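A quick write-up on the structure given underneath.
The values are calculated or read from the model by the stated rules, or taken from the named source; none is laboratory data. Model, not experiment: these values are computed from the prediction. Methodologically, a virtual Cβ is constructed for each residue, glycine included, from the backbone with ideal geometry; neighbour enumeration extends over all protein chains shown.
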Amino acid sequence: MLGCKASVQSYTHARKAQKLLEGYGISCEIRRNPHMDTEGCGYVLLTGGDCTGVSDILVSGGIPYKHLKNVRGYPG
């Protein structure tokens with residue numbers, strides 16, 4: 001199944017994004033980023049669905065993110 005990996009800076013942003021996405025019926029898991037990048041993204045959201053839809057929802061909800069990447073094999 002296709003999923004989306006989104007990097008966010010803080011747990012607060014990750015939690016808000018999770019609540020927002022789940023409100024749209026998109027399953028979401030928060031994981032700590034073991035390799036924090038230079039932009040300070042400490043958390044990763046793993047979601048079901050394509051990154052285009054995830055991006056649209058996050059932008060409309062005012063939740064900042066740094067990177068989005070489509071991933072295969074998401075069990076959501």
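Of note:
- Criterion violated by residue 67 - all others in (1) surrounded by 12 or more Cβ atoms within 10 Å (Cβ to Cβ); (2) at pLDDT 90 or above satisfied: (2)
- Some residue of region 39-51 being farther than 19 Å from residue 1 by Cβ, surrounded by 15 or more Cβ atoms within 10 Å (Cβ to Cβ) and at pLDDT 85 or above: yes
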